[in-house]
Each structure stands twice: as C-alpha cells, then as structure tokens.
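Q: Below is a structure I'd like to ask you about.
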Amino acid sequence: MLITKTTRGDVAILSLAGRLDFHARHDFQAEIQKTKESVAHLVILNMKEVTFIDSVALGLITVAYKTLEGANVRLVIADAHSYVQKILTLTNLESIIKMYPSNEEAMASRIPATSPSN
C-alpha cells in the first residue's frame, strides 16, 4: 500500500494505491493519526488506485472515520475504484461515509450553499 498525502488549505487528500488489507494497517493508521493532528477539517480518501480491500480494511476505514469525527474532522471517500465502490456499497459503509466521484466534488461538499439575499 502506497499512501500519498496532498494538502489543499484545510483539506488533506490521502491517495491510496495497492491493497488496503491487514498488511497495510500500520501505515494507514499512522497516516490517519498524523492527519488528525494536522490542521485538516476534511480528509478525503482517494481510492482510485486501490485494487483490493478486505474486512480489515473496512474496519480500518470505520475506525478512521470515528477517530477523525472525534476531532471534528470529516472523512469522505472519493474516486473509488469500481471494485472498491461495490464492496463499500454491499457492506453499507457508504451510508455512514459519504462517497464522491472526484476530489473536487468532495472538496465542494464542505462549502455551504449560500442563500440569495433579500
């Protein structure tokens, strides 16, 4: 598992590549912890290049969501590979963690809609 972190203001994008499984757990948990301690208010897991996830990965993502939520940091998933998206849908994880088709759409989700002034 390769994890690349990009920061755009108060948004951290963690681009994951390879297998997110038992063997990747330490690297994933360490990166989530580092990100929690940063100034990020939104963390995007870009899963475009994730080729495999297992039950451990589902648990890791859920724990990451809860960990970040406790620090008032929102976690979302973007650009999930079709295989990954199918697994997240089948396990109902997408009902807990919002999924977006791209990083840009995920970043736009944090901007509140403005109402026209009267």
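The values are calculated or read from the model by the stated rules, or taken from the named source; none is laboratory data. Owing to the predicted nature of the structure, the values given are computational and were not obtained by experimental measurement. Heads up, the Cβs are rebuilt from the backbone with ideal geometry, glycines too, and the neighbour counts pull from every protein chain shown.
Q: If V39 meets every condition in (1) among the aliphatic types (A, V, I, L, M); (2) over 15 Å from the mean Cα position of the chain (by Cα); (3) at pLDDT 95 or above apart from one, which number is that one?
A: (3)
Q: Do any residues in region 30-43 that are within 12 Å of T67 (Cβ to Cβ) have Cβ atoms under 6 Å from those of residues that are of a type in the set (F, W, Y) and at pLDDT below 95, where the two are at least six apart or on different chains, and which pairs are they?
A: From residues that are within 12 Å of T67 (Cβ to Cβ), there are no pairs.
Q: So which helices (runs of 4 or more DSSP H) are wholly in region 12-118 and hold at least 2 residues that are among the hydroxyl-bearing types (S, T, Y) and surrounded by 15 or more Cβ atoms within 10 Å (Cβ to Cβ)?
A: Once the helices (runs of 4 or more DSSP H) in region 12-118 are filtered for at least 2 residues that are among the hydroxyl-bearing types (S, T, Y) and surrounded by 15 or more Cβ atoms within 10 Å (Cβ to Cβ), what remains is 55-70.
Q: Let me ask something additional. Please give the number of the condition S95 fails out of (1) without any contact (Cβ under 8 Å) to a residue 60 or more places away in the chain; (2) within 16 Å of M1 (Cα to Cα).
A: Of (1) without any contact (Cβ under 8 Å) to a residue 60 or more places away in the chain; (2) within 16 Å of M1 (Cα to Cα), only one is false for S95: (2).
Q: Continuing with this model, one more query. Given the options D10, D27, name the one that is touching a His at 6+ places or on another chain (Cβ under 6 Å) and either at pLDDT 95 or above or more than 17 Å from I97 (Cβ to Cβ) (or both).
A: None of the others qualify; the one that does is D10.
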